[in-house]
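Structure first, commentary second.
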């Protein structure tokens, strides 16, 4: 029997909606976000624009769903790596993030990520849902690694913020310039700085 949603409607179409959402994310990876339009997207997905609107109700709601999915994918690219590794050190944590976030196969995704980031800063009333968790989703992942690695709990939040901002800044630099050698050298300097922040035990 189909599950009943809170408003009484059946949710039998939910799997179809998730499939369409996944395909829509792949579409915006290739075509970008700023020029997103319902009819070309529907055509690319092999459905009518009416079907797309049936599942997402409006372009605005589709945008909200896409933004959520982009944020979730960014986090999942990395978060699973530490789910079962309670002893992961800060350096391991940051190195893993850097390796995954700068891998060539993820370049298209992160170009989209920074495009949406820029749009959200320009139009927070439209894309504000993206900004709500773009930082706060990550800090709870980084703080425990810092504390396990011997950093003072009272400084963990500020150091976690520094790590996230620094890695994203270098990532954006690499996407803009393609100067991997310089970016990698800067990343190694960053690790040296982070090591120096750890108290001597």
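Can we say residue 64 is modelled with pLDDT under 85, surrounded by 13 or more Cβ atoms within 10 Å (Cβ to Cβ), farther than 28 Å from residue 189 by Cβ and not assigned by TED's automatic domain parsing to the domain that holds residue 168? Judged against the criteria, residue 64 is a match. Residues in segment 16-41 that are surrounded by 14 or more Cβ atoms within 10 Å (Cβ to Cβ) and either in contact with a strand residue (DSSP E or B) (Cβ under 8 Å, 6 or more places away or on another chain) or farther than 24 Å from residue 114 by Cα (or both): 17 only. In segment 82-90, is there at least one residue being assigned to a helix (DSSP H, G or I), surrounded by 13 or more Cβ atoms within 10 Å (Cβ to Cβ), in the same structural domain as residue 162 (by TED's automatic domain parsing) and modelled with pLDDT under 80? Scanning segment 82-90, I find at least one residue that is assigned to a helix (DSSP H, G or I), surrounded by 13 or more Cβ atoms within 10 Å (Cβ to Cβ), in the same structural domain as residue 162 (by TED's automatic domain parsing) and modelled with pLDDT under 80, so the answer is yes. All conditions but one from (1) more than 16 Å from the chain's Cα centre (by Cα); (2) closer than 25 Å to residue 199 by Cβ; (3) part of a helix (DSSP H, G or I) apply to residue 150; the one that does not is (3).
Among the candidates 127, 117, the residue that is modelled with pLDDT of 85 or more and either surrounded by 14 or more Cβ atoms within 10 Å (Cβ to Cβ) or closer than 28 Å to residue 156 by Cβ (or both) is uniquely 117. Does residue 77 satisfy the condition of being modelled with pLDDT of 80 or more, assigned to a helix (DSSP H, G or I) and surrounded by 15 or more Cβ atoms within 10 Å (Cβ to Cβ)? Answer is no for this residue. Take the residues of segment 32-50 that are in a helix (DSSP H, G or I) and out of contact with any helix residue (DSSP H, G or I) (no Cβ under 7 Å at 6 or more places or on another chain): which is farthest from residue 17 (Cα to Cα)? Per the stated criteria, the residue is 40.
The values are calculated or read from the model by the stated rules, or taken from the named source; none is laboratory data. Just so it is clear, the structure is predicted and the values come from calculations on it, not from any experiment. Every residue, glycine among them, receives a Cβ derived from its backbone with ideal geometry; neighbour counts consider all protein chains shown.
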